[in-house]
1. Would you say Val526 is more than 17 Å from Lys557 (Cα to Cα), more than 39 Å from the chain's Cα centre (by Cα) and open to solvent by 30 Å² or more (accessible area, probe 1.4 Å)?
2. If Lys537 passes every condition in (1) at pLDDT 85 or above; (2) within 44 Å of the chain's Cα centre (by Cα); (3) buried (at least 19 other Cβ atoms within 10 Å of the Cβ) but one, which one does it miss?
3. Can we say Lys223 is of a type in the set (D, E, K, R), at pLDDT 90 or above and open to solvent by less than 60 Å² (accessible area, probe 1.4 Å)?
4. Among the numbered criteria (1) on the phi > 0 side of the Ramachandran plot; (2) in a helix (DSSP H, G or I), which one does Leu119 miss?
5. Taking Thr371 as the residue in question, decide whether it is polar (S, T, N, Q), in contact (Cβ under 8 Å) with a residue 12 or more places away in the chain, surrounded by fewer than 24 Cβ atoms within 10 Å (Cβ to Cβ) and touching a Leu at 6+ places or on another chain (Cβ under 9 Å).
6. Does Tyr512 satisfy the condition of being within 30 Å of Ser158 (Cα to Cα), touching a residue at least 12 places away in the same chain (Cβ under 8 Å), open to solvent by 90 Å² or more (accessible area, probe 1.4 Å) and under 39 Å from the mean Cα position of the chain (by Cα)?
7. Please state which of the following conditions Cys149 fails to meet, knowing it meets all the rest: (1) buried (at least 23 other Cβ atoms within 10 Å of the Cβ); (2) in contact with a Leu (Cβ under 8 Å, 6 or more places away or on another chain).
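The values are calculated or read from the model by the stated rules, or taken from the named source; none is laboratory data. Just so we're clear, the structure is a prediction, and the values are computed from it rather than from any experiment. Cβ placement follows ideal geometry from the backbone for every residue including glycine, while neighbour counts extend to all protein chains displayed. Ligands, DNA and RNA are excluded from the accessible area calculation, which covers all protein heavy atoms including side chains. Shrake-Rupley method; radii C 1.70, N 1.55, O 1.52, S 1.80 Å.
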Amino acid sequence: MAVLTTRKFWSKINYKKLIKKRIPILNWLPQYTIATFFQDVLAGLTVGMTEIPQGIAYAIVAGLPAEYGLYSGLIDGFIYAIFGGCKDLNIGPTSILSLMLQPHVTQMGADAAVLMTFLSGIIIFVLGVLQLGFVIEFFSYPIIAGFICGGSFQIASSQLKSLFGIPGKSDNFLQSWKSVFENISEISLWDTVLGVTSIVFLVILKEIRVFGSLQHRADWSTKRNVLGKFIFLLSLARNALIVVIGTLISYYLRDKSPFQITGNVSGGFPPFRPPSFSTTVNGTEYDFSDIAKNYGVSFIFIPILSILEAVSIAKAFCKGRKLDATQEMIALGLCNTIGSFVGSMPVTGSFTRSAVNNASGVRTTLAGVFTSLLLLLAIAFLTPSFYYVPKPTLASIIICAMFYLFDFEAFVVLWKNKKLDLIPFLTTFLCSLFLGVDYGILIGAGVNLLFVLYASARPKFYITTEKLANGQGEIFVVTPKDTLYFPAAEYLRDTVLDFEGKDITVVINGKYIRSMDVTVAKSIAVLTHELVLRKHKIIFLDFKESVIKVCIGVDKKLEKYFLNENSDQSAIKDLDQEASVATETSQL
């Protein structure tokens, strides 16, 4: 019987439709045109020029050799082009994931980073297949905003050492600033000049984008349109431009060595091999269990944050189109899992590069292929030139990116609209700064959960009071605003029992109660008994059948107290008489 049921289930599946749904490239590739191809090439190469310096910089943030930042974009473009559903989304290394990875790399080396990529990919893929993406809904806006603000501030602080050319550690926020103040007398003049100048030019090049456009504008002359395209492309390529200029200056002054430089960047392609499940660092051997213990909460939060970033960015760029979050999770999981075979660190959607992709007029996910091809060329031919890339230049790129990532608006929005949300926001922000971003989001989520539980335990009631025409008695109508859960059981009971007076009728209107658990049902049964003992009358009005069944299942005597708005008034009078008799009986 079970075999027949299984066969019947599989026979109903439309495999052709399922394959097209899970491999989106099959839907648009047959209609692909030459014009679309050239637009994707332009967008892909433009994003690549942004990803090369960012990849190197984020690898340094994670404590990895610079080449790992390039490895992280080698294969993602190819995989996402096939399985991805958002044309604008760029998958690659990001600042937040690099920061979360950094303490594990410091202790266990690069192998731990690659293994985390593999494990994250497996977790994300499984969550996608099981359609469990709803877990990201537990992270509210105050938590995400606080996490991003704390993370961006910490990353920017970690780059002060490179920006000013000073010695010391910068593993966390406090240590970064401590190094600055302890070594302030050792600040390098030329590192500082190059770094600060780079920041100024990056800001200027970003802001001048408003004066340009890739689209032909009828209100502009021919020369103005050409100038507009030039300005826009200049703004998009600002990171690559700053790196090229800084590298040329560094190379020209190589004999004087005025700047700290990146140093050797390994050339050649990484071997295609599975990640190592054990490693040896400074003579200490770590097996898989040791590595897993060292990951701690990062083992959970890196995959979740990867999903959160990728899905949120994809939604932002879909502009009203339906987004299949399950498909995005499957694609992201494959990018990480397969990417780990070429030495990638954890990757997810990048808002900065996705914005560049969108602004460049990307048409399909095939643009990611050209981004990956540019990274391949960089690894093959440009790694010797990366030796002279000044560290202050990379620091300036990261600091500028973090400045624009920092959510300044969050403070204003929360203050103006709901000041109470500032508590989980500031908790997450401060804990991310002083305890680490992994613990920051964990503690922030815990504080936010307390608010949710409090709201469940103290639901809002609409309470109206009406005196009877003869002046003898009062009617209290209690209308819960939403479904009642077990934390609210005692609160409802205490609220009703606070009603005082003689000849009281309590009406609990259940029209907004969609469901009820056994704890609340038992509390209602106890409440009914106590009101009867007090000579008060109780009516449960307009409850759903499913809710009534739960209550009657707990106590069959409750059945006579449930009425609806169409009930005969005589039934209510009979109920009142029965309640009075029951009261007298209980007294005896």
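1. Here the answer is no, as Val526 does not meet what is asked.
2. Just one mismatch for Lys537, condition (2).
3. Values: of a type in the set (D, E, K, R): yes; at pLDDT 90 or above: yes; open to solvent by less than 60 Å² (accessible area, probe 1.4 Å): no.
When the stated conditions are applied, Lys223 does not pass them.
4. The failed condition is (1).
5. no
6. Considered against the rule, which asks whether it is within 30 Å of Ser158 (Cα to Cα), touching a residue at least 12 places away in the same chain (Cβ under 8 Å), open to solvent by 90 Å² or more (accessible area, probe 1.4 Å) and under 39 Å from the mean Cα position of the chain (by Cα), Tyr512 comes out as no.
7. It fails just one condition, (2).
Conditions tested, residue by residue: (1) under 30 Å from Val180 (Cα atoms); (2) among the hydrophobic types (A, V, I, L, M, F, W, C); (3) touching an Asp or Glu at 6+ places or on another chain (Cβ under 7 Å).
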site: Ile122; (1), (2), (3): no, yes, no
site: Phe125; (1), (2), (3): no, yes, no
site: Val129; (1), (2), (3): no, yes, no
site: Leu132; (1), (2), (3): no, yes, no
site: Val135; (1), (2), (3): no, yes, no
site: Phe139; (1), (2), (3): no, yes, no
site: Ile144; (1), (2), (3): yes, yes, no
site: Gln154; (1), (2), (3): yes, no, no
site: Lys161; (1), (2), (3): yes, no, no
